[in-house]
1. Run down the lysines and flag those whose C-alpha is under 23 Å from the C-alpha of LYS125, throwing out any fewer than 8 positions away in its chain.
2. Explain nothing, just compute: Karplus ³J(HN,Hα) = 6.51 cos²θ - 1.76 cosθ + 1.60, θ = phi - 60°, for every residue of segment 95-100 in order, whole Hz, x for Gly and Pro.
3. Please list 3J(HN,Hα) in residue order for segment 25-38, calculated via the Karplus relation 6.51 cos²θ - 1.76 cosθ + 1.60 where θ = phi - 60°; whole Hz, with x for glycine and proline.
4. How do TYR43, TYR52 rank by accessible surface area computed with a 1.4 Å probe, from largest to smallest?
5. Mind checking the full-extension length gain between VAL88 and LEU59? Use 0.36 nm per residue of separation minus the Cα-Cα distance, one decimal, nm.
6. Determine the order of ILE218, ILE238, ILE208 by accessible area, beginning with the largest, at a probe radius of 1.4 Å.
7. What's the FRET efficiency of VAL37 with PHE206 using the Cβ-Cβ distance as r and R₀ = 51 Å, to the nearest 0.05?
8. With a Förster radius of 35 Å, plug the Cβ-Cβ distance of ILE12 and GLN213 into 1/(1 + (r/R0)^6) and report the FRET value to the nearest 0.05.
Amino acid sequence: MSNFTRRILPVILFSLYLFLYHSYMIGFIFMDPTLTVAQLLLYTLIFNGFYYMMVWSTLATMFQPLPVVPEEFRLTPLEIKLYSHSIVEKKPHILKFFYEKKGLIVLTRTGRGNLRYCGHEFQFKPDRAHHCSQCSMCILKMDHHCQWLNTCICLTNQKGFILTMVYTFFVCFFYVCSSFNRFVIFWTGDKQDRTHHFYPLVTGMFHIGLIVQNKTLIEDVRPPIFFSGQETFDLGAIPNIAQVFGYSVLLWPLPIFNQEGDGTFFPTRRIRRRSDQPFDLPRHKLERNFSDFVR
């Protein structure tokens, strides 16, 4: 996709936001003589509440810094030289040697059972990380690249993206419900298809369903392959939701980053033997300051 298209789509999106606000506040609230003062105040308060939460969530998603893979996952210049000049058959063995030397913990593998390695940035890929060709970097817990927001939906902004979908639905739903009578009067005799108002609901419910299962969009299309063959990131609905929205329920409606961990290691559980305990993260990994990995 061209740079022009990447820049124009967010402009189009916010133009639609402005049109939505103008059509409701000017075209309905201030132009409908049938509204009482109480209705005017109530509709204005509710609509503006949902609308500005939608805008806040959208901006938080767009401008949240993308997480950078920690330096410990990168190969040194000497390691890159050794790897680049080795024959194809020996490359997996060389990577395994570097991996063990660095003492990394990565549970997932490629389809051939090899370590996941990014040839663009010469580094090992942490679990759930993928290289984005449009962002030109490896993204921690990458879900997908959103063209409308011109950013990757990933570890740091997945919560904001979901809240954008939720508040967009509330805005559209309240818009339709509160101004329905005026639409009926204006469009008397015409059959209007209003299904497009529920598109944010369908999209939002789909992504919420993925969060409940602890899946990214990429993982839903191409499930991760674990070294043991018996692991899953699905810890149960509540722990899965808490990984994205944080452990403070009061902060769930706000598009702020309040998750724990650094985005390179995720707890798992066995899917065949119920007696097994979930994978225990190293304590020093959990306590690491996330800001160290944000560009």
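1. Of all the lysines, those that pass the test against LYS125 - Cα under 23 Å, at least 8 places apart if same chain - are LYS81, LYS90, LYS91, LYS96, LYS101, LYS102, LYS141, LYS159, LYS215, LYS285.
2. Going residue by residue, I get 4, 5, 5, 4, 4, 5 Hz, with x marking Gly and Pro.
3. Values per residue, Gly and Pro as x: 6, 8, x, 10, 4, 8, 10, 9, x, 7, 6, 7, 4, 5 Hz.
4. Values: TYR43 45, TYR52 125 Å².
Descending accessible area places them as TYR52, TYR43.
5. Numbers: separation 29, 0.36 × 29 = 10.44 nm, distance 4.48 nm.
Additional length available on full extension: 6.0 nm.
6. Values: ILE218 30, ILE238 115, ILE208 55 Å².
Ranking ILE218, ILE238, ILE208 by accessible area, largest first, yields ILE238, ILE208, ILE218.
7. On the way: r = 40 Å, r/R0 = 0.79.
That pair, VAL37 with PHE206, gives E of 0.80.
8. Calculated value: 0.65.
The values are calculated or read from the model by the stated rules, or taken from the named source; none is laboratory data. In this text the structure is predicted, and so the values were computed from the model without any measurement. FYI the Cβ positions are ideal-geometry reconstructions off the backbone, even for glycines, and counts take in every protein chain you see. The area values use the complete protein model at the heavy-atom level, side chains included, leaving out ligands, DNA and RNA. Shrake-Rupley method; radii C 1.70, N 1.55, O 1.52, S 1.80 Å.
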